[in-house]
Amino acid sequence: MVHPDYRSQGVGGQLIEARYNLIRALNLRGLVAGSLIVDYGKVADQISAEQYVREVVAGLRFDSNLSKQLRKGFKFYGLIPNYTIDVNSRGWAAEIVWVNPDYRPARRIHVIPTPRRAGLLPRSLGRAPLLHGI
């Protein structure tokens, strides 16, 4: 979260881009995060958190945190109750996910098992011995 004195100056966008660049550089699949629904408190007495987020995702309502993250490519996956003690969000957050479009799965190395060579060990060594008194 960006300090109130520095909001609307592009700091949040720069932080998200820095995260994206790191995720790309490390070739990670993406990012799962919690997004406070910071403007929900203004209407919490009128609509549920579910309805509020549904309207934000549909573009019918603007939330000064979640809306920006959705525009940056995050997708909404669900609600998280009791995420924070923040009174503006009434404790709610949205679970959001960003999928790295540049992710490349690591190349798998397939090991081909070799068949056991018969006759190298006596049959008695093929089983674990019974240990008495241990």
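The values are calculated or read from the model by the stated rules, or taken from the named source; none is laboratory data. Since the model is a prediction, treat every value here as computed from it, not as a measurement. A quick note on method: Cβ atoms are made from the backbone with ideal geometry, for glycine too, and the neighbour counts reach across all protein chains shown.
Tabulated data
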item: Count of region 14-73 residues which are of a type in the set (A, V, I, L, M), under 12 Å from ILE96 (Cα atoms) and surrounded by 13 or more Cβ atoms within 10 Å (Cβ to Cβ); result: 8
item: Residue, modelled with the lowest pLDDT, within region 9-26, restricted to residues that are in a loop (DSSP other than H, G, I, E, B) and more than 15 Å from ARG71 (Cα to Cα); result: GLN9
item: Selection count, region 59-107, where residues are within 12 Å of LEU36 (Cβ to Cβ) and assigned to a loop (DSSP other than H, G, I, E, B); result: 13
